[in-house]
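A quick write-up on the structure given underneath.
Here, each number is a calculation from the coordinates, and none is a lab measurement. Predicted model, so just to flag it, every value in this text is computed and none were measured. Note that each Cβ is placed from the backbone with ideal geometry, even for glycine, and that neighbours are counted across all protein chains shown.
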Amino acid sequence: MAAKPTIITCLNCGTKNRVRPRAEGIPRCSVCHAALPWIVETDAAGFDEEIVASIPVLVDFWAPWCGPCRMVSPVVEQIGREYAGRLKVVKLNIDEAPAIAARYAIQGIPQLIVVKDGQEGDRLVGAVSPTQLRAMIERHVTAVAEPPGVSG
Ligand SMILES: [Zn+2]
C-alpha cells in the first residue's frame, strides 16, 4: 500500500488513532467509537488510494509558498471536524504532485474539489470563507437524520 497511515486524535476522548485509507465505512475511535475527523495529508503515491471513500472527499490542493492556502487550511480543518463521519478531507501539496494537479487542471491555489464516488463534484478557488465552503459541502454530504417530530 502506498498511502501512509495518519494519526487522528478523537474529538470525543482524545485517543490517538492510526487511520489507513479505506473504501468502506468510516474510521471510528478505537476507544469510544465516535466518528473521527478524517483529515489526512497525502502525496502523489497515496492520493489515488486516499480519494476512494464511502463518503464525499474534499481535496485541498495547496503549496507551502501560497499565502492564501495558509488562510484556507484552518477553514478546511474546521469543516473536516464539523463533518466528522460525513466528509473526508485530503490535503495534497501540489509541488510534490504536479501530475495530479495537471489531472485536475489546477490553475490557481488554494483550490478545493469535492470528489464523490471518484467523480469531481464541485470546486472552489481562492480564499474561501467557512460559509462558502459549508454551502458547497452541504450539497454533497448526507443529511444528519433528525429525531421524529422535529422539523425546521
Ligand atoms: Zn474516542
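The separation of region 1-51 from region 90-147, counted between C-alpha centres, amounts to 18 Å.
What are the semi-axes of the equivalent ellipsoid of region 1-53, taken as the square roots of 5 times the eigenvalues of the Cα gyration tensor, listed largest first and rounded to whole Å? Please list the in-between numbers first.
Numbers: eigenvalues 88, 24, 12 Å².
Those come to 21, 11, 8 Å.
Each stretch of four or more DSSP H residues adds -39500 (n - 2.57); spread over every residue of the chain, this sum gives -6500 deg cm²/dmol at 222 nm.
In region 95-112, which residues have a backbone nitrogen under 11 Å from the label point lying 7 Å from Asp43's Cα in the Cα-to-Cβ direction? Residues passing the 11 Å test: 96-97.
Going from the residue with the fewest nearby Cβ atoms within 10 Å to the one with the most, His33, His140 rank His33, His140.
How long are the semi-axes of the ellipsoid equivalent to region 73-112, from square roots of 5 times the Cα gyration tensor eigenvalues, in whole Å, largest first? Please report the intermediate quantities before stating the final value.
Working: eigenvalues 105, 21, 14 Å².
After diagonalising the Cα gyration tensor, the semi-axes are 23, 10, 8 Å.
For the chain, the dipole from Cβ point charges (+1 on Lys and Arg, -1 on Asp and Glu) about the Cα centre works out to 340 debye, to the nearest 20. Legend: calculated FRET efficiency, His33 to Asp95, from the Cβ-Cβ distance at R0 = 25 Å, rounded to 0.05, equals 0.10. 3J(HN,Hα) along region 99-114: 5, 6, 4, 5, 4, 9, 6, 6, 9, x, 10, x, 9, 10, 10, 8 Hz, from the Karplus curve 6.51 cos²θ - 1.76 cosθ + 1.60 with θ = phi - 60°, whole Hz, x for Gly and Pro.
What's the Cα-based Rg to Rh of the chain, Rh via Kirkwood? Kindly include the intermediate steps, with their values, before the conclusion.
Numbers: Rg = 15.3 Å, Rh = 15.9 Å.
Across the chain, the Cα-based Rg/Rh ratio is 0.97.
For Ile39, the residues whose modelled amide H falls within less than 5 Å of its own, excluding neighbours fewer than 5 places apart on the same chain, are Val89. Could you tell me which of rounded, prolate or oblate describes region 49-123, using a ≥ b ≥ c as the square roots of the eigenvalues of the alpha-carbon gyration tensor, with rounded for a/c under 1.5 and, failing that, prolate when a/b is larger than b/c and oblate otherwise? It comes out oblate by the Cα gyration axes.
Distance between the 7 Å Cα→Cβ label points at Arg123 and Ala105: 0.7 nm.
Nearest 5 is fine: what % of DSSP beta bridges in region 38-138 come out antiparallel, could you say? If you can, show how the numbers build up before the last one.
On the way: 10 of 21 bridges.
So the antiparallel bridges amount to about 50 percent of the total.
On full extension, the segment bounded by Glu24 and Asn12 gains 2.1 nm, given 0.36 nm per residue less the C-alpha separation. With respect to the chain, whose longest principal axis is taken over its alpha-carbon atoms, helix 67-82 is tilted by about 20°. Per-residue 3J(HN,Hα) values for region 43-56, derived from phi via the Karplus relation 6.51 cos²θ - 1.76 cosθ + 1.60 with θ = phi - 60°, read 9, 4, 6, x, 4, 4, 6, 6, 7, 8, 8, 7, 10, x Hz in sequence order (x marks Gly and Pro).
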